[in-house]
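These notes concern the structure reproduced below.
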Amino acid sequence: MSERPELRVAMVGHAFMGAAHSQAWRSAHRFFDLPLTPRMAVVCGRDPERTRQAADRLGWDEAVTDWREVVERDDVDLVDICTPGDTHRDIAVAALAAGKHVMCEKPLANSVPEAEEMAAAAAASDRLAFCGYSYRRTPALALARQLVAEGRLGEIRHVRAQYLQDWLSDADAPLTWRLDRERAGSGALGDIGAHVVDLAQWITGQSIAGVSAVLTTFVDSRPLGGDLVGLGGRAQAGSPRGPVTVDDAAAFTARFDGGAMGVFEATRFALGRKNAVRLEVNGSDGSLAFDFEDNDVLHVLDAGVEGARQGFTRVLVTEPDHPYAGSWWPPGHGLGYEHGFTHQVVDVVRALAEGRQAAPTFADALQVQRVLDAVERSAADQSRMTPVG
Ligand code: SOE
């Protein structure tokens, strides 16, 4: 293991995504045969003490506070960006200019112009530029993509995609950066809706060509302090409040360029739904259904099966020949949220060693950004909402 050349990684940001990426950098080469061994060289954060603690806890050799210094370092090969979206463009463009490979959390940026700049910088560079839509590497979803690509579903007609969470249902959940348009770009739309947009396009092999959307903010101010529990939590009664400047929920219909139609929903107010990434695809010859709250399972319907025996089959996606599954546990022993991040490290390291890009590239992620932008423009245009009566 240690005889393989090293891939020296610098990670910027060390909160939720930083922790998920750290475990992936720590474990990928211990379960998968990789051509390069990741070295967790340096983590970068704004606060020296908190960054030092994060380095110790997450397994990084060094802790620093200036990302500009990090991207210029000769002892770093890849920069992994796990910060809020308002910093993605500057860090990624600087890192590519300094000759570093880049892995960037989703959504790629906070706006289409920023994402275009990043995609142009990637196109002008010979370095790898990857965007972390990690759910693509959930084995059941990778299998869904394989089945569609093999033509098992025939002509794709419907996509039903939802990303449902509930951590903002309490009106006294604190005002965090995910509720600030300057930092996050958008709300449920970009934070979670972006994932199902990416998945729907990737699994069907079709791009979204047009949308008709509604965005809503149910709670327009929230407490400025308070203890975080997971992504949400609750502040003390009477705490001062600040404005929520993003959408709480998004819903839209979509037309795909290959003829399919889609219905999408993203919300953090679906009480009882914790991380329900749901996708259903209906084709002329079959259907697929997935819910991340049961993430090892893909429901598959084959319309070729004779009527009385036709129905969804529950496929447990943990067999050695299922995507990624064979490198982990015996069949049926299951994977979790963190494994998608490990699998993306595996694919990135392999691509990088072979001198090719890994998808989703910055160009792929720019396309998702264009869909998010179209959703916002559609929702802002109230004339498209036909009044009833
Ligand atoms: C990261 O991939 C991410 O989209 C987070 O930003 C969300 O908040 C999380 O709920 C799902 O994963």
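The values are calculated or read from the model by the stated rules, or taken from the named source; none is laboratory data. Given the structure is predicted, the values throughout are model-derived calculations rather than measurements. Cβ coordinates were reconstructed from backbone atoms using ideal geometry, including for glycine residues, and neighbour counts include every protein chain displayed. Heavy atoms of the whole protein, side chains included, go into the accessibility calculation; ligands, DNA and RNA do not. Shrake-Rupley method; radii C 1.70, N 1.55, O 1.52, S 1.80 Å.
The table below lists the values:
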quantity: Enumerated strands (runs of 3 or more DSSP E) restricted to region 121-217, each holding at least 1 residues that are away from the ligand (no atom under 12 Å from the Cβ) and open to solvent by 10 Å² or more (accessible area, probe 1.4 Å); calculated: 156-164, 208-216
quantity: Some residue of region 55-71 being open to solvent by 20 Å² or more (accessible area, probe 1.4 Å) and hydroxyl-bearing (S, T, Y); calculated: yes
quantity: Close pairs (6 angstrom Cβ cut-off, 6 or more residues apart or separate chains): open to solvent by 20 Å² or more (accessible area, probe 1.4 Å) in region 248-271, among the hydroxyl-bearing types (S, T, Y) anywhere; calculated: T253/S212; D257/S207; V263/T253; F269/S169; L271/S169
quantity: Tabulated pairs, region 107-125, first more than 15 Å from A94 (Cα to Cα), second of a type in the set (D, E) and not in a loop (DSSP other than H, G, I, E, B), C-beta under 6 angstrom, 6+ apart or interchain; calculated: N110/D86; V112/D373
quantity: Some residue of region 55-69 being of a type in the set (S, T, Y) and touching a helix residue (DSSP H, G or I) at 6+ places or on another chain (Cβ under 9 Å); calculated: yes
quantity: When residues of region 336-351 are limited to those that are open to solvent by 30 Å² or more (accessible area, probe 1.4 Å) and not hydroxyl-bearing (S, T, Y), the one nearest to the chain's Cα centre (by Cα); calculated: E338
quantity: Strands (runs of 3 or more DSSP E) completely within region 24-105 that count 2 or more residues being more than 16 Å from the ligand (Cβ to nearest atom), in contact with a strand residue (DSSP E or B) (Cβ under 6 Å, 6 or more places away or on another chain) and farther than 17 Å from R127 by Cβ; calculated: 37-44, 62-64
quantity: All positions within region 272-302 that are in contact (Cβ under 8 Å) with a residue 40 or more places away in the chain and among the charged types (D, E, K, R); calculated: R273, K274, R278, E280, D285, D296, D302
